[in-house]
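Below: one structure, written as structure tokens.
The values are calculated or read from the model by the stated rules, or taken from the named source; none is laboratory data. What you see is a predicted model; the values in this text were computed from it and never measured. Here the Cβ is made from the backbone with ideal geometry for all residues, glycine too, and neighbour counts use every protein chain on show.
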Amino acid sequence: MRFAFKTSPQNTTWAQMLAVWQEADDIDVYESGWTFDHFYPIFSDPSGRAWKAGRL
């Protein structure tokens, strides 16, 4: 069995995203990490910040 984690790159900063991914990288159970590639936030204010997958 393989385990992955998923982050939501909306209404966050680069530093916060980096911290989560670095922490997850230190946890041996995770085989991969995922994020979505939407251009606008989908769970909050549509005018908020959303990191594009290509920029991450």
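Is it the case that segment 14-27 has a residue that's out of contact with any Lys or Arg (no Cβ under 6 Å at 6 or more places or on another chain), at pLDDT 90 or above and assigned to a loop (DSSP other than H, G, I, E, B)?
Yes, segment 14-27 has at least one match.
Any idea which of 40, 30 is at pLDDT 80 or above and either of a type outside the set (D, E, K, R) or surrounded by 14 or more Cβ atoms within 10 Å (Cβ to Cβ) (or both)?
Answer to the selection: 30.
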